[in-house]
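Here's the structure we're looking at; comments come further down.
What follows draws every value from the coordinates through simple rules; no lab data is involved. All values derive from a computational prediction rather than experimental measurement. Methodologically, a virtual Cβ is constructed for each residue, glycine included, from the backbone with ideal geometry; neighbour enumeration extends over all protein chains shown.
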Amino acid sequence: MRPEAEPALKPVFAKIGKPVAAKFRPDPFQLASLEAIRDADCLVMAPTGSGKTWIAEEAIRSVFQKGGCCWYASPLKALTNAKWVEFGNHFDPANVGIITGDTKENTDAPIIVGTTEILRNQLYDAMHSGENLNCDLVILDEAHFLGDLDRGFVWEEIMIYLPVRINLLLLSATIGNGEEIAAWLSSIRGKPCRVIREEKRPVPLYPLFLHPSGRLMPLMETNRLFGKVDDFIGRRSQGRPERGIPPFGEMINVLEKFHLLPAIFFLKSRSECDAALGTCPPPEGEKADEEFLTELEALLDRFPYLRNHRQLHDLRTARVAAHHGGQLPAWKFLVETLMKKGQLQAIFATSTVAAGVNFPARTIVLMNSDLFNGHEFSPLSGTEFHQMTGRAGRRGQDRVGFMLVVPGRFMDLIHIRKLLFRKPEAIASRIRSDFSMILNLLLSQTPEDIREIFANSLASYQRRLGKAPGQSAGEQADLWTGFQRHLRFLREERFVDGNSRLTENGIWASKLRLDQPLLVAESLRKGILPRDDERLLAAVIAPFVYDGDQDLTVIRKDLSRRLTRAYDRVVKTLADLAERLKAGGFPVAPLYLWPAAVIYEWATGGDWNRIILKAGIADGDMAMLIMRTADNLRQIASLKETHPEMAALAWKAREAILREPVVFE
């Protein structure tokens, strides 16, 4: 492929380069945000890279200097860890603490960084104890997660439970109905929620098209597709065969020729990301960059077990890497660190990179116009598109950022053109009843109080407006019905008494803030968990945390008899409760044997690579299984007063599984 470009691109490419260094001056929207958050709530919507973190830092500084306390919540552990380090540099590590499912440091500090679920749990505890949360400002980063199908209800719960005296700062790049969200917050909190909106990207975006011949051309001219792109679509629709997608190495050569690197290629799946590496040969006649090698060696000294990583050779020689959920946390951190420092040519990533992880590039490359949303493939939404293109163009390093569209089987160019002009979608309420929520609310609230909480929900507000984007009014109205159904079941299982108060069992079960709290609580209540072997305990907890539908093959006779006996005992004892749950219409995930088998082998000192190979799972999936098992064990370990022996064993079990390469400092 011979790299060529349309003459029309010459003036655009002339803009490529580093902007002139200038003294930082806050933008008007940043100053307006700080003014707003002083005495009210504030929702800031601004493109990725436009300086929302600066607003957070200055808002924290203002509260901190007056002796107040702040809570910064983010949806991702990687983002939380990064902010902990960042804020430590700004405010001194002694003043900044972190709380996630697996990390607790300096928890009495005036500035706390943590995951959103932890903040929600602290609000439950504050409501139960009757104490006010020791906080003057709460910052919810990536606030568009309020509309996330699986986790959005946690954001909504925080907004409903948060004491009115604590100001709330919401930061987001993409919310289609920000004014509606702010009006809802004002209505339930009785104080203004100012909306600050900044539309202008810090680095302008220019859309490009890569013709199968290797020729770069503009994707658009004014608001229409560029003529030759239109011609290409016409030829394709007439059934003329198009050339296959060129190897990624060749595409990188084209980008390099026109100074469009570094790039992030968004691909459909983990396997595509991994396979792309094989098409990227080392640059010809180019000596290894000393700065890059020094940086890489420093990271490998920090994580020595990554020296055997199967993709290290591609990273070292071709300066490319794959980044996705199947990777080890430490490997993703290494890749992110090198990319942020401009040391890599390209990253092949799934869409998870677009949400929350901050390492932009000069160019983002779209190979598909659809996306797997965790449940199915569907056309890219406006929100998803804005998240991805938000990574194009590095503030302070680029005067222009690029989106390169590559034609292929799953690329609808008409859809991409529409997305360039589409606003992010409106957020719909995701609040729902579940057993953990009901148990925790009943610690401090009566059913009538809970009815009032549901009346304050975004779901109820949207229903009153006659607006329910993405959710039927019937589903929203079902909140109270759902609560009553859960309450009835909790009464039948003796976690709640006839007066709708928690029984002794209900009180300690409320501390199990898990996906399957009743099954774990029943295991404790019936005394069926291993009592004398922390490795076995870790193993039998693992099936409760796996929420996928993959039942990997395990040869029973090859497993330890102690393990299969302990697992069978749990499954057999819980079968009746599982049936009652199903009969009540509640979802019950199957308790597969394979998670117990792999966690047991790991807890007993097994070799990481051997376990991965034998089980046939990805590094990242194994790491996630371990982290979630550790989080469940941590919650059992919190039951020191009612289950002291089991709590102590759970802590030992946690320590048995949290080691390299899962955890890293």
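Pairs of C-alpha atoms in the range 511-665 farther apart than 18 Å represent 55 percent of all such pairs.
Counting beta carbons within 10 Å around each of 128, 313 and listing the fewest first gives the order 313, 128. Projected label points at residue 6 and residue 235, each 7 Å from Cα along the beta carbon direction, are separated by 1.4 nanometres. The label-point distance for residue 128 and residue 504, in a model that sets each label 7 Å from Cα toward Cβ, rounds to 1.7 nm.
Sparsely packed loop sites in the range 1-109 (the chymotrypsin sites (Phe, Trp or Tyr not before Pro) outside DSSP H, G, I, E and B with at most 13 other Cβ atoms within 10 Å) comprise 24. Between residue 569 and residue 414, the FRET efficiency estimated from the beta carbon spacing at R0 = 56 angstrom works out to 0.45. The length gained on full extension between residue 38 and residue 465, counted as 0.36 nm times the residue separation minus their Cα-Cα distance, comes to 150.7 nm. Applying a threshold of 29 Å to the alpha-carbon distances of 77/572; 104/557; 572/652; 77/511; 511/582; 526/640 flags 77/572; 104/557 as lying beyond it. If a paramagnetic tag sat 7 Å from the Cα of residue 27 along the Cα-Cβ line, which residues of the range 383-406 would have the backbone N under 17 Å from that point? Label zone hits: 386-402.
Here the convex hull built on the C-alpha positions of the range 64-219 has a volume of 180 cubic angstrom per residue. Listed options for Cα Rg over 2.2 N^0.38 Å are (1) 0.95; (2) 1.01; (3) 1.36. The value calculated from this structure is the one marked (2).
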